[in-house]
Amino acid sequence: MKIRFYTLITALMLLGITLKAQNEDPEKAMNQYGKEVEETIDLQVQARDGIITFESKDKNYKFWMDNRMYFDGGIFFDKDAYNPIGNGLTVRRARIAVKANLYRNWYGEVDLDFANSVVELKDVYVKYTNDAENFNIKAGHFKEGFSMETTTTSRYLTFMERSLISKFAPSRHLGIQTNYISDKILLTGGVHFNTIGESEEVVFSQDANKDFGKDEGFSLTGRVVYRPLIGENKFIHIGTAASYRTPKTTAEVPDSYRFSTRSISAINRKKYLDTDNIVNVKSNVLWNVELAAANKNLMFQAEYIADYIKRDNDSDPNVSLNGFYAQAGILLNGAKYNYNRNEGEFTQISRREGKGALEFDVRFDYIDLNDEEAELFGGGANAYTLGLNYHFNSNVKFMLNYSYLNHDRYANGKGKLYVGHDVDGNLTKDYTKVVESDGEAGDDFGQLQMRIEIDF
């Protein structure tokens, strides 16, 4: 053990001597490959809104980290629920991202999530922006331009979890996307393919390829946003988006779609709403309408999403699903809402210098995964959420959410959950045997969740 210790000390001393010798020759600079370079650029270090940023004097080079740690806890009030729910704690996000601007016009990003001891690749892309900064094109793995709520980064979400209908909206996929930006207009269009996905999705995609020779599928997605009013701490946002899609091979069953969602909680793992695999899918069309506005410390945001699924066989009827949410908020302590015109979404709030900001929010969710004509019953739900956020500074935020969820009789989690009683008074998972009325059947419960969020 002593020999290993002295060997380590000797190696560190030799390394220090080598580095010192290199530093004593300021004219000799080496790149990452050990090749001598002639030109070097000094970087200035600044803390900007709580983010440490390295930037050159000519602003052609910039480098920063975007890291996030979210610690969640949840208590569930399920006394009258048919299915017990366990309280608990979790690490909701543990994100490490590296972002850089090169030669002013070029931008690159790599974003990883280590929550739940699983490494998940998030954003990995490059972007080119013209000198006028009104047009850009990016390629890689990123969120499709669809849905104001879904494209909003988790750093600036109003509530701990996105709404129930967020599961309709496409998330990250490999692709190419262009954006045109002006004060009044935001235009987005792109072509997208498979997601890099989690390990399970990768296995599904590989099996679909080697076992069935399936194409990976593609999507064409576009978004239009009009801003009749935009100024400092105030704006009106009116938007719509549409996406034509063919089935991706990341599904469990080839040529299928499945919509399922947890009840706006990362702790309650039950999926009450689940369509199971909708098979023999030829294509589907997503579309939405979004409305948002803010005036200083007041905000409003709402969105409707519909999905029409076209199937291959005449014997399999087409499917229509939909849902919406509406939310409002107020900031106290002199804080104000801000808007990111480049992305068409809310961004970091403005606070009084040295002061925290208190925020109160309310949201209503509705989702319907039932289509009686198609004989599809994935369940429906209403959710009522009250939120309290305290922004200590740009880096630390406390969130407290209370939600009440009301599920219908079809929300049995693909036949795994109780939804009512049968004629004999026994709990049943079969919605056809439930004797309760429409408003009484299905699981109802309350949940109180809190989060400590650290961004740096």
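Adding -39500 (n - 2.57) for every DSSP H run of four residues or longer, then dividing by how many residues the chain holds, sets the calculated 222 nm ellipticity at -3000 deg cm²/dmol. Taking a sphere under 15 Å around the Cβ of SER265 and counting the other residues whose Cβ falls inside, with K and R at +1 and D and E at -1, yields a net charge of +4. Peptide packing for 436-443, 29-36, 156-163 was compared via the average number of neighbouring C-beta atoms within 10 Å per residue; ordered from the highest value, the list is 156-163, 436-443, 29-36. Compute the angle between helix 2-23 and the longest alpha-carbon principal axis of the chain, please, reported from 0 to 90 degrees and rounded to the nearest 10. Tilt relative to the chain: about 70 degrees.
From most to least packed by mean Cβ count within 10 Å, the peptides 225-237, 243-255 give 243-255, 225-237.
Distance distribution P(r), the chain, all Cα-Cα pairs, bin width 10 angstrom from 0: 4, 17, 26, 26, 15, 8, 4, 1, 0 percent. Our summary gives the chain a relative contact order of 13 percent, counting only alpha carbon pairs under 8 angstrom and 6 or more residues apart.
Computed from Cα positions, the angle between helix 199-212 and the longest principal axis of the chain comes to roughly 70 degrees. In terms of distances greater than 30 angstrom between alpha carbons, the cross-link table entries LYS28/LYS122; LYS62/LYS167; LYS99/LYS271; LYS122/LYS210; LYS248/LYS416; LYS167/LYS416 yield LYS28/LYS122; LYS62/LYS167; LYS99/LYS271.
Each peptide among 37-47, 395-405 gets the average number of other Cβ atoms lying within 10 Å of its residues, and from highest to lowest they stand as 395-405, 37-47. Separation of region 202-274 and region 338-396, taken as the distance between their Cα centroids, equals 18 angstrom. In terms of Cα to Cα distance under 12 Å, which aspartates and glutamates are near enough to LYS79, apart from those fewer than 8 places away along the same chain? Those aspartates and glutamates meeting the cut-off are ASP443, ASP444.
Taken together, the values in this text are just the output of simple stated rules run on the coordinates, not laboratory data. Since we're looking at a predicted model, the values are computed, not measured. With ideal geometry, Cβ positions are generated from the backbone for all residues, glycine too; neighbour counts draw on all protein chains shown.
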